[in-house]
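Chemist: Quick one: the structure is below, questions incoming.
The values are calculated or read from the model by the stated rules, or taken from the named source; none is laboratory data. What you see is a predicted model, and the numbers here were worked out from it, not measured in a lab. Neighbour counts are summed over all protein chains in view; Cβ atoms, including those assigned to glycine, are modelled from backbone coordinates with ideal geometry. Ligands, DNA and RNA are excluded from the accessible area calculation, which covers all protein heavy atoms including side chains. Shrake-Rupley method; radii C 1.70, N 1.55, O 1.52, S 1.80 Å.
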Amino acid sequence: QVQLVESGGGSVQAGGSLRLSCAIYGNSHSLNCMGWFRRAPGKEREGVAFIDFVDWTGTPTSYVDSVKGRFTISQDNAKNTLYLQMDSLKPEDTAMYYCAADFTARDCSGGDLAFWGQGTQVIVSS
């Protein structure tokens, strides 16, 4: 069983930055998808950023259009940690952020991943 634990959320002013971390516990060597999702009140869960080792062209990383150029996903295998660096934050980025992973994902951004963290709150004020 894989466990994911997010941290790094908080409250910031618009234009500020946060770095979210996701510690991965368990057998993570064969994971084929890792990523970040978010859900704002009254909205559906949205895929934000992913590292996809299943079906990708050019680069294994991908982002939803609304965060391109502002967010960066990365991983540190030595620390078994996934990161989401968020810069130039906007009020519309306010949401609960979740990391997720899977061993057998067919669609990395599809939201049907096997393992999920508990979430970390991000609040961006004007």
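Chemist: Output the residues belonging to region 29-52 that are within 16 Å of C99 (Cα to Cα), out of contact with any helix residue (DSSP H, G or I) (no Cβ under 9 Å at 6 or more places or on another chain) and not acidic (D, E).
Modeler: L31, N32, C33, M34, G35, W36, F37, R39, R45, G47, F50, I51
Chemist: What about R19, is it under 19 Å from K79 (Cα atoms) and among the basic types (K, R)?
Modeler: So R19 passes the test.
Chemist: How many residues does region 9-34 contain that are among the polar types (S, T, N, Q), modelled with pLDDT of 95 or more and open to solvent by 50 Å² or more (accessible area, probe 1.4 Å)? It would help to see each step written out before you state the result.
Modeler: We begin by selecting, within region 9-34, every residue among the polar types (S, T, N, Q); these are 11, 13, 17, 21, 27-28, 30, 32.
Subsequent filtering for residues that are modelled with pLDDT of 95 or more retains 11, 13, 17, 21.
With the extra rule that they be open to solvent by 50 Å² or more (accessible area, probe 1.4 Å), the set shrinks to 11, 13, 17.
The total comes to 3.
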